[in-house]
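Structure first, commentary second.
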Ligand SMILES: Cc1cc2nc3c(=O)[nH]c(=O)nc-3n(C[C@H](O)[C@H](O)[C@H](O)COP(=O)(O)OP(=O)(O)OC[C@H]3O[C@@H](n4cnc5c(N)ncnc54)[C@H](O)[C@@H]3O)c2cc1C
């Protein structure tokens with residue numbers, strides 16, 4: 001029986017980066033994917049990616065068919081569409097990707113580095129012996145054969161459903177379930193327009209709490225008079241509208257869609273919350289959507305998923321060079337991810353609660369009267385502290401005199417984000433102290449829910 005150093009389950013953006021990094025360290029890695037090779041990369045997605053993610057990972061700019069358009073920034077429309085925030089930065093370059101070709105590009109990098117691909121092969125279950133994951137059973141979808149694959153580490157890169165994660169025993173100390181209220185139900189189409197729109201350089205985001213509570217409608221230009229258009233709605237306990245119906249009702253009535261044709265359509269889920277507090281166990285790691293590594297505000301997860309795959313791969317190499325891949329030996333991955341990107345995701349979970357607490361009227365007024373500014377949104381998006389000085393606070397109080405509640409909520413949000421950010425700075429370097437850290441995290445998030453949503 002083949003024995004690998006690592007098995008990576010799922011050849012999405014997270015899995016390809018994990019497999020590539022492990023293979024580059026000279027280790028033996030198998031990438032197991034249920035899709036046939038030529039379909040790897042296909043994904044219901046907005047297809048937008050900031051160039052900085054590639055730079056950080058040392059990946060060159062995509063230049064072939066995987067790159068469909070370049071973007072200068074984002075325009076955010078208030079619910080009444082009377083106010084538009086233009087979020088752009090001189091250093092920002094955005095890409096609209098051909099998702100399948102981008103996936104194939106990453107897959108080639110993993111295979112060229114030495115990873116073995118087993119495509120058309122689906123995970124059945126992790127093999128667990130003496131409290132550690134030591135391999136998987138998988139079914140070849142062409143032959144129907146079920147076989148065992150053994151490894152020192154298994155990486156769950158299966159995306160939103162976390163197929164390995166869900167089957168781990170509770171004693172591993174990894175959360176198995178993601179609450180529905182932390183997930184956006186999405187519907188997306190790629191449309192061919194009759195003619196190119198005026199805007200080909202900005203991604204457009206439309207806030208509308210009735211149609212897409214806690215989420216938004218997006219229209220992203222893809223070049224060649226094509227757009228990626230979709231909607232995400234938070235799956236709240238109290239109910240949420242059907243995303244497809246809402247997209248048709250609110251968006252396809254716009255003149256730009258007259259005579260347009262549907263090139264692709266589909267639904268999927270986006271987990272929008274803080275990262276799982278712990279992403280490792282004995283012989284097992286979680287990356288990408290399987291670990292909930294998506295930005296809670298804009299739902300972007302391609303960058304963080306690649307980053308997590310890269311960090312996980314490095315940690316595997318380090319752990320195996322020293323001995324057994326125990327929870328302790330793999331823990332550095334948690335710390336590295338949290339310090340680099342996870343902390344930002346965590347604090348944005350609070351900003352998401354603030355947005356969820358706002359009515360359309362709040363957002364119209366708040367954006368129009370500049371109680372919330374482009375700069376706030378930019379800083380929140382970058383994970384920076386947005387501090388209001390006394391003069392700025394006084395100006396906003398004056399402008400917000402008719403909506404003091406909104407301003408108070410914004411101020412409370414800033415305070416809670418800062419508290420959570422400071423707490424993330426204390427993420428433990430070893431599993432010791434984790435239980436106490438986690439209890440405090442849960443407490444801070446619960447406080448945020450109580451203060452902002454009730
Ligand atoms: C509608 C929508 C729009 C989005 N828009 C954007 C955007 O514009 N920009 C952005 O950055 N992010 C966006 N995201 C988020 C982004 O798509 C994800 O965060 C990212 O793709 C996560 O990558 P991943 O590799 O973790 O998971 P996935 O891309 O989901 O890959 C998982 C892989 O695992 C395979 N797999 C699953 N189960 C098994 C199994 N049992 N056995 C073997 N293989 C298996 C799947 O076939 C798949 O190839 C969007 C998400 C949605 C839903």
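The values are calculated or read from the model by the stated rules, or taken from the named source; none is laboratory data. Because the structure is a prediction, the values reported are computed rather than measured. Positions of Cβ are backbone-derived with ideal geometry, glycine not excepted, and every protein chain shown enters the neighbour counts.
Which of the residues spanning segment 313-361 are touching a strand residue (DSSP E or B) at 6+ places or on another chain (Cβ under 7 Å) and under 27 Å from residue 16 (Cβ atoms)?
316, 320, 325, 327, 330, 331, 333, 334, listed by residue number.
Do you know which residues across segment 301-323 are over 21 Å from the mean Cα position of the chain (by Cα) and touching a residue at least 60 places away in the same chain (Cβ under 8 Å)?
Of everything in segment 301-323, those that are over 21 Å from the mean Cα position of the chain (by Cα) and touching a residue at least 60 places away in the same chain (Cβ under 8 Å) turn out to be 316, 317, 319, 320.
Please go through segment 257-274 and give me each residue that is surrounded by fewer than 20 Cβ atoms within 10 Å (Cβ to Cβ) and more than 9 Å from the ligand (Cβ to nearest atom), ordered by number.
If the condition is that a residue be surrounded by fewer than 20 Cβ atoms within 10 Å (Cβ to Cβ) and more than 9 Å from the ligand (Cβ to nearest atom), then 257, 258, 259, 260, 261, 262, 263, 264, 265 are the ones that fit.
Any idea which residue in segment 111-139 is surrounded by the most Cβ atoms within 10 Å (Cβ to Cβ), counting only those that are outside any strand (DSSP E or B) and more than 16 Å from the ligand (Cβ to nearest atom)? Talk me through it step by step, then tell me what you get.
Taking segment 111-139 and keeping what is outside any strand (DSSP E or B), we get 111-115, 119-120, 130-131.
With more than 16 Å from the ligand (Cβ to nearest atom) added as a condition, the list becomes 112-114, 130-131.
Working: 112: 11, 113: 18, 114: 16, 130: 7, 131: 13.
Among those that are outside any strand (DSSP E or B) and more than 16 Å from the ligand (Cβ to nearest atom), it is 113.
Would you call residue 236 within 13 Å of the ligand (Cβ to nearest atom), surrounded by fewer than 21 Cβ atoms within 10 Å (Cβ to Cβ) and either at pLDDT 95 or above or closer than 29 Å to residue 170 by Cβ (or both)?
Against the criterion (within 13 Å of the ligand (Cβ to nearest atom), surrounded by fewer than 21 Cβ atoms within 10 Å (Cβ to Cβ) and either at pLDDT 95 or above or closer than 29 Å to residue 170 by Cβ (or both)), residue 236 does not qualify.
For segment 22-42, indicate whether the set of residues that are surrounded by fewer than 20 Cβ atoms within 10 Å (Cβ to Cβ), within 22 Å of the chain's Cα centre (by Cα) and farther than 30 Å from residue 152 by Cβ is non-empty.
Taking every residue of segment 22-42 in turn, at least one turns out to be surrounded by fewer than 20 Cβ atoms within 10 Å (Cβ to Cβ), within 22 Å of the chain's Cα centre (by Cα) and farther than 30 Å from residue 152 by Cβ.
Check off (1) out of contact with any helix residue (DSSP H, G or I) (no Cβ under 6 Å at 6 or more places or on another chain); (2) surrounded by 15 or more Cβ atoms within 10 Å (Cβ to Cβ); (3) assigned to a loop (DSSP other than H, G, I, E, B) for residue 79 and give me the number that stays unchecked.
Only one criterion in (1) out of contact with any helix residue (DSSP H, G or I) (no Cβ under 6 Å at 6 or more places or on another chain); (2) surrounded by 15 or more Cβ atoms within 10 Å (Cβ to Cβ); (3) assigned to a loop (DSSP other than H, G, I, E, B) is unmet by residue 79, namely (1).
When you check residue 30 against the structure, is it in contact with a strand residue (DSSP E or B) (Cβ under 9 Å, 6 or more places away or on another chain) and more than 10 Å from the ligand (Cβ to nearest atom), yes or no?
So residue 30 fits the description; yes.
Given the conditions (1) touching a helix residue (DSSP H, G or I) at 6+ places or on another chain (Cβ under 9 Å); (2) assigned to a helix (DSSP H, G or I); (3) outside the structural domain of residue 152 (by TED's automatic domain parsing), and given that residue 55 satisfies all but one, which numbered condition is not satisfied?
(1)
Applying the selection to segment 174-212, what residues are farther than 30 Å from residue 285 by Cβ, touching a helix residue (DSSP H, G or I) at 6+ places or on another chain (Cβ under 7 Å) and within 11 Å of the ligand (Cβ to nearest atom)? Full working, then the answer.
At the first step, the residues of segment 174-212 found to be farther than 30 Å from residue 285 by Cβ are 187, 189-212.
Checking the rest, the ones that are also touching a helix residue (DSSP H, G or I) at 6+ places or on another chain (Cβ under 7 Å) come to 187, 191, 193, 197, 207-212.
Correct list: 187 only.
Considering each residue of segment 275-300, count those that are under 13 Å from the mean Cα position of the chain (by Cα), on the phi > 0 side of the Ramachandran plot and more than 8 Å from the ligand (Cβ to nearest atom), and give that number.
Qualifying residue count for the region: 1.
Which of the residues that make up segment 213-247 are touching a helix residue (DSSP H, G or I) at 6+ places or on another chain (Cβ under 6 Å), assigned to a loop (DSSP other than H, G, I, E, B) and under 16 Å from residue 187 (Cβ atoms)?
214, 235
Conditions tested, residue by residue: (1) more than 26 Å from the chain's Cα centre (by Cα); (2) over 22 Å from residue 286 (Cα atoms).
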position	(1), (2)
85	no, yes
95	no, yes
105	no, yes
118	no, no
122	no, no
127	yes, no
159	no, no
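Residue-by-condition table, conditions (1) more than 12 Å from the ligand (Cβ to nearest atom); (2) in a helix (DSSP H, G or I):
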| site | (1), (2) |
| --- | --- |
| 1 | yes, no |
| 16 | no, yes |
| 20 | yes, yes |
| 35 | no, no |
| 38 | yes, yes |
| 61 | yes, no |
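From the set of residues in segment 140-161 that are near the ligand (Cβ under 9 Å from one of its atoms) and part of a loop (DSSP other than H, G, I, E, B), which is surrounded by the fewest Cβ atoms within 10 Å (Cβ to Cβ)?
Per the stated criteria, the residue is 158.
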